[in-house]
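The structure appears right after this line, and notes come after that.
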Amino acid sequence: MNWGNLTEYVIKALIIALGLLGAFAYMTWFERRVVARMQNRIGPNRVGFQGLLQPIADGVKLIFKEQFIPKAAKKPVFIIAPMISLIVALSAFAVIPVGPASLNIFGAKPWLADLDIGILYALAVSSLAVYGITLGGWASGNKYSLMGAIRSAAQIISYELSLGLALLGVVVLAGSLNMNKIVEAQHRIWFFIPEIIAFVVYVVAAFAEVNRAPFDLPEAEQELIAGYHTEYSGLRFAMFFASEYINMITVSSIATTFFLGGWRPPFDLGPLELGPLWFILKIVVFMFLFIWIRATLPRFKYDRLMKFGWQVLLPLAVLNLVLTSIVVALTA
């Protein structure tokens, strides 16, 4: 066993995990401030300069808050479910390159693993998130929670198909499942231009995948109180909350990698060593889009959500894949 490589992987994994958890914390502050501005309010501004210490205060409060377990709950599953959601959310980021291969950070590459089937790994791991939500809702012993869990399972399965087919069009163009090679293939043109249909399908499906408005039916408070996490409090609730935001970061990272050139600057501006900064900037733009849509569009009805996924997005994704395959075959 090469202990040097093992140590490198462990350190990288810790950096990624802590970075994502920190990003989640400050995304809550960013969202509250942006939504407040859109609604002509102020938002958190008391704890620290401009409220920048508010996420830390919220985290400390959740850690010390009582973690209530309902009498009717299936206790072992009830406790494990939020852990599953958080671990899955953190694991999916392992194959995403945040910088070029030429960039060495203390002798290490800017990714955890460079897999030839990187996108298959990311999709496979991300799909496991439904287990945490479903088990959490079922184990709560609450009918509202169970209904939210069932909604989430149906929604994720429905929109995951369109999301995967949208990415497959880019895979056909790039000729690889390796995420580094997909970024390299965009050295002339970002793929969102030739794959604009796939880009739109992916973005819409990503909103549904992470249960964000206007597709946040598993958490519809006017129908289900709070959905699958109704009975959760304290640190366990924070795990579900964190997994949702980390999943948002992950789908934004995949969109950046597949459609917006990954870490590449627009029009080859600046040195490639600034790739991680460009990568983060693109993710911030996507995260702002998530917040903007939440503050703008009303929630779908559930039947319309499912109809839109199966009758609109899926045919569009299939049509885009067929057209892309024909163009690639004719130009080969």
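We did not get these values from a lab; they are worked out from the coordinates using the rules stated. Keep in mind it's a predicted model, so treat the numbers as computed, not measured. For neighbour counting, all protein chains shown are included, and Cβ atoms are generated from backbone atoms with ideal geometry for every residue, glycine included.
Short to long, the 10 Å bins of the Cα pair-distance histogram for the range 1-85 hold 14, 27, 27, 24, 7, 1 percent of all pairs. Going from the fewest other Cβ atoms within 10 Å to the most, the residues S253, S140 appear in the order S253, S140.
Shown for L323, L14: other C-beta atoms within 10 Å of each C-beta, ranked fewest to most, produce the order L14, L323. Backbone amide hydrogens, once placed in the peptide plane, bring D216 within less than 5 Å of F300, excluding anything fewer than 5 places away on its chain.
Between L128 and L53, 0.36 nm times their residue separation minus their Cα-Cα distance comes to what? Roughly 23.7 nm would be gained on extension. Extension gain for the segment I293 to N45, taken as residue separation times 0.36 nm less the Cα-Cα distance, is 87.0 nm to one decimal.
When each of the peptides 130-137, 19-26 is scored by how many other beta carbons lie within 10 Å of its residues on average, the order from highest to lowest is 130-137, 19-26. The residue list H229, A198, F93 was ranked by how far each Cα lies along the charge dipole of the range 66-331 toward its positive end, using unit charges on Cβ atoms, and H229 comes out on top. When the C-alpha to C-alpha distance is required to be over 24 Å, the pairs from K12/K65; K143/K301; K61/K301; K61/K143 that qualify are K12/K65; K61/K301; K61/K143.
Karplus-derived 3J(HN,Hα) values for the range 20-28, using 6.51 cos²θ - 1.76 cosθ + 1.60 with θ = phi - 60°, are 5, 5, x, 5, 4, 4, 7, 5, 5 Hz; glycine and proline are entered as x. With the helix formula -39500 (n - 2.57) applied to DSSP H stretches of n ≥ 4, the chain reaches a computed 222 nm mean residue ellipticity of -21500 deg cm²/dmol. Couplings 3J(HN,Hα) of the range 86-93, computed from phi: 5, 5, 4, 4, 6, 6, 5, 7 Hz, in residue order, whole Hz [Karplus 6.51 cos²θ - 1.76 cosθ + 1.60, θ = phi - 60°; x for Gly and Pro].
Here is the size of the range 66-331 from its Cα atoms: Rg then Dmax, 19.2, 64 Å. Using C-alpha pairs under 8 Å with a sequence gap of at least 6, the mean separation divided by the residue count of the range 66-331 gives a relative contact order of 27 percent.
Between I69, I84, I254, the residue with the greatest mean-square fluctuation in the GNM of the chain (Cα pairs under 10 Å linked by springs) is I69. Relative to the Cα centre, the charge distribution of the range 106-256, modelled as +1 at Lys and Arg Cβ and -1 at Asp and Glu Cβ, gives a dipole magnitude of about 180 debye.
Computed about its Cα centre, the charge dipole of the range 66-331 is approximately 400 debye, with only Lys, Arg, Asp and Glu carrying charge at their Cβ.
Ranking N40, F207, Y121 by how far each Cα lies toward the positive end of the dipole of the chain (charges on Cβ) leaves N40 at the top. Of the residues L86, L314, L167, L6, the one with the fewest other Cβ atoms within 10 Å heads the list, and the complete ranking is L6, L314, L86, L167. When the chain is treated as a GNM with alpha-carbon contacts under 10 Å, the residue of E219, E184, E195 showing the greatest mean-square fluctuation is E184.
A cut-off of 5 Å between modelled amide H atoms, ignoring neighbours fewer than 5 places along the same chain, links L177 with no other residue.
When the chain is treated as a GNM with alpha-carbon contacts under 10 Å, the residue of N178, N320, N45 showing the greatest mean-square fluctuation is N45.
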